[in-house]
Structures are given as structure tokens and as C-alpha cells.
Amino acid sequence: MSFDVLPFIETKRDGGEHAPGEMKAFVEALQTGKVKDYQVSAWLMAAFLRGLSPEERRCLTECLADSGRRMELPPSMASVDKHSTGGVGDKTTLVLVPLVASCGVPVAKLSGRGLGFTGGTVDKLEAIPGMRTHLEMSVFRSQVERIGCAVSGHSAELAPAEGKLYALRDVTGTVPSKDLITTSIVSKKIAGGARSFVYDVKWGNGALMERFEEAEELARLLVDLSRSLGHPSRALLTSMEQPLGQWVGNAAEVREAVTILQGGGPASTREVCLALGGEMLCLAGAVPTPEEGERVCGASLAKGNALEKFRQLLEAQGGDPRVADTPEALLPLAEDSLSLAAAGEGWLASIPTRRLGEAVRRLGGGRLTQTDTVDPGVALRLHRNIGDPVSPGEPLATLYGRDKARLEETRRALEGTFEISPRPVEPVRWVRRRLG
């Protein structure tokens, strides 16, 4: 019997719940093109307004994960994956993949490109000379087995029906649906083959979820859904009230990640990476507690094991291994720069994180259209953090680009957007809550 999409749409429109068989038939019809885009769009809006039940989320996620091939890793491999909901200056994947692998836990990491004002791991990796960022599934698997880690862009073979849904969500105003966000993320994680997941759910003015309560709800949905499908999961709620670390921009963020792997780097980036790494080791069963996991990760950084694993990752995927030693020599920044100065005296109270991410994007460090070419040398350096004392005329941030007129225009647009308080301000608390 052929699938009749109209009653399916009406059920959700009227607040009803789909049976598992109906959801499966819908995804199959979506995959084969037997339902029209406008019909799928109507259902997406109904789901956005009415929501999905836990059983509907579970069934939709499984169907999306099964719409293509699933990455098959050996059952004995306790592989773990990490997903971030996106932020400005979030270069944690570049650190975590080699760090966790150096502690004996395999990491099979599927990553994406930048989305809007948030950066993407694939774009950052492409700043590295020669680096292959899209691996065939067989190559991906064998690399994880051989050196313990691999990073690749998402394959069209994995959860293709989810890709179709996402493309329509992007043009129908239904992207913010937590139910649809959750099924999208978890279906791709399951298709990627890892056994367990750690979710880095960000909140603040530089995150997709600005309110902490919204981010916490999304984190709970991600953990609960993953567990219901047999994948142990944890979530950290981390701040995006200011960019993570000192640098924003593709080449610049690789450089900062290397400084962390070398045992240095900004305290904020190190703190978030150690917290996520500790959770990943604990989930994989390598340590009894996340705190012990953080200690093991810290020791790996101190001994140089994580840096050596990063070098192996570079060599395996065609990247220049010298990036692990002298990243500044191989990852130059754009030659022109302008600084943003403090307008008064006091303590830095707030940073326009989203606007800074947009600034880097518009200077060429991201895409305004799908066909845009990313300039890896465009960057922003943050000189002061929330809570730091500042003086009039002191540089708060520096922009790097290749067009002096655009740099000046961007600098003027950002003038006065850093809030300065006459009274001391508490610094950012990077890890606010752990779930699971």
C-alpha cells in the first residue's frame, strides 16, 4: 500500500501522535521522493508547533539513521564522539580528538563546516596544508583502527534523509525546533558508528540558544534520546558569553589548538577541553569518574602524548606534520589589522560574541553564500576577557583581514559594543552544569 501523506500531516497538525510504522513510511517516502517538498514542509511546521513525543523522536531518529549506510566499527572498540552545538572560537574538536585518542580511547569524529556566525571544524582543518577532510567510510574506519582517531566531514551516505529534512528546515523557519534539532544531531551521531556521545551544549549571546534554560532543555533531550537508543551519553553546558580562547578564525584557531596540545594556550580553552575529555574517557569506561578523566588528559598534555597523536593524525590525513611544531610558520594570518579600543575605564562586563563571529565571517573567514571561498587567514584576537580591568584606549580586540576598507568598516560597526562597568565583574564560568 502506498503512503498517504495527507492524513500523516493532519495527524500532527491536530496534535496527534504518529505510530512507528507511519513514521517509517514517511521517511521512506521522503528518501525516495514520493512526497513533495511542500508536503514535507507542511509536516515540519506542524511538528514545530505541536512538538514530538519521546517515542516519535526515538522512531524518527532511528529511521533517519537507517536511511543510508551506518559506519560499522568493531564491537570491541569503545569509540566515543563529541558534538558541539556551535560557538565562536570553539576549537575543542581539534584538541579533543588527538587528546582522547592518546589516552587509549578511539575517537571517530564526524564534523561539519561553519554554519552562520559559528565556525566549523572542517573549515579549520582545511587551513592545514594538504589536509584531507573528507574520507571514504572504509578509510575512516581503518584509520580509527590503526591510529585511534579520524576526523572527517559528513558523508552523503550517512543519514541522507536527515539531510533532506535539514535543507527544508533551513528555508521554512523550523530550524529552532528542539525536537527536530535533537533528531537531526542524534541520527547523524548514530550513523557515524561511535558507541557513546558527549554533547557540548552552549548558551549565551554567541550560541544558538541564548538562554541557559533553553540550552539545558536541549541537553536533556539529547542525552535522553541517545540513551533510549542504546548509546550512553553525557552533556556539558558551557558558556558562549564570550569567544572561547583568544582567537577566532580558521588558521588562528588551529594555531591556538596546537598551543594547548603543546601544554600552553589560554586557560578557558584548556578548561573546556579537559572537562569534555574527562567525560569522554569516563563514558568509554577508561576511568571511573570524569574528574579522573580530566587528570589523565592533563597528564597526556604534559607528557606530549596528545601532541604526538595530533602529528599522527596530520600524517594519516595528508596534512603537513610540521604544523604540530611551528603552526605560525605554516598558518599565516592576513597581513592587515585594526584594533578595537576601550572607550572608558572600568571592568569589561560583556562582549558582543555573536557580532564578533559575524565580523570574521563578513571579512572572509566564513561564508555568506554556499559558493563563497573561505580565507583561512582572516581572524580576530581577543585581548581582554569579561571581568578584566580595562583603561581608555587599551586594545580589546584586533581584526585581521586583506581589505583595509572592509576592516575599517567592520571596526566602526563594532565600536562601543564592548560594555564596560564601573564596578568589578565576575569572570565567565565556562562549565556551568553537567548532565548524565
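Annotations for the structure displayed:
- Size of electric dipole in region 292-436: Cβ of Lys, Arg +1 and of Asp, Glu -1, about Cα centre, debye, nearest 20: 540 debye
- Given charges at beta-carbon only (K, R positive; D, E negative), |dipole| of the chain in Debye: 340 debye
- The Cα-based radius of gyration and maximum Cα-Cα distance (Dmax) for region 278-433 are 19.8, 55 Å.
- Viscosity 1.567 mPa s, temperature 4 °C, Stokes-Einstein D of region 321-412 from Kirkwood C-alpha radius, µm²/s: 89 µm²/s
- Rounded Å value of the spacing that divides the Cα centres of region 253-272 and region 303-369: 11 Å
- Each part reduced to its alpha carbon centroid, region 1-54 and region 379-404 end up 49 Å apart.
- For residue 125, the solvent-accessible surface computed with a 1.4 Å probe is close to 10 Å², ligands and nucleic acids excluded.
- Length, then width, then depth: along the principal axes, the Cα atoms of region 35-104 run 48, 35, 24 Å.
- Positive-end residue of 319, 379, 364, charge dipole of region 276-425 with Cβ unit charges: 364
- Fraction of accessible area attributable to carbon and sulfur, the chain (%, probe 1.4 Å): 49 percent
- Averaged per residue, region 225-381 has 37 square angstrom of accessible surface, using a 1.4 angstrom probe with ligands and nucleic acids left out.
- Diffusion coefficient of the chain by Stokes-Einstein, Kirkwood radius over Cα pairs, 4 °C, 1.567 mPa s: 58 µm²/s.
- Relative contact order of the chain, taken over Cα pairs closer than 8 Å and 6 or more residues apart, is 18 percent.
- Residue-normalised accessible area of region 12-158, expressed per residue, 1.4 Å probe, Å²: 39 Å²
- For region 166-275, a Kirkwood hydrodynamic radius built from all Cα pairs, placed in the Stokes-Einstein relation at 4 °C and 1.567 mPa s, yields a translational diffusion coefficient of 83 µm²/s.
- Here residue 391 and residue 326 are evaluated by their C-beta separation; at R0 = 41 Å the FRET efficiency comes out at 0.75.
- Extension gain for the segment residue 37 to residue 372, taken as residue separation times 0.36 nm less the Cα-Cα distance, is 118.0 nm to one decimal.
- Using just its DSSP H runs of length 4 or more, each adding -39500 (n - 2.57), the chain gives a mean residue ellipticity at 222 nm of -13500 deg cm²/dmol after division by all residues.
- Most positive-pole-ward Cα, 289, 278, 302, against dipole of region 265-323 from beta carbon charges: 302
- In this Cβ point-charge picture (+1 for Lys and Arg, -1 for Asp and Glu), region 117-199 has a dipole of about 200 debye about its Cα centre.
- Contact order normalised by residue count of region 1-153, Cα under 8 Å, 6+ apart, percent: 19 percent
- Among 284, 25, 275, the largest mean-square fluctuation in a Gaussian network model of the chain, built with springs joining Cα atoms closer than 10 Å, belongs to 25.
The values are calculated or read from the model by the stated rules, or taken from the named source; none is laboratory data. If you're wondering where the values come from, they're calculated on a predicted model, not measured in any experiment. Here Cβ is always computed from backbone atoms with ideal geometry, including for glycine, and neighbour counts include all displayed protein chains. To get the accessible areas, we keep the full protein, side chains included, count just its heavy atoms, and leave off ligands, DNA and RNA. Shrake-Rupley method; radii C 1.70, N 1.55, O 1.52, S 1.80 Å.
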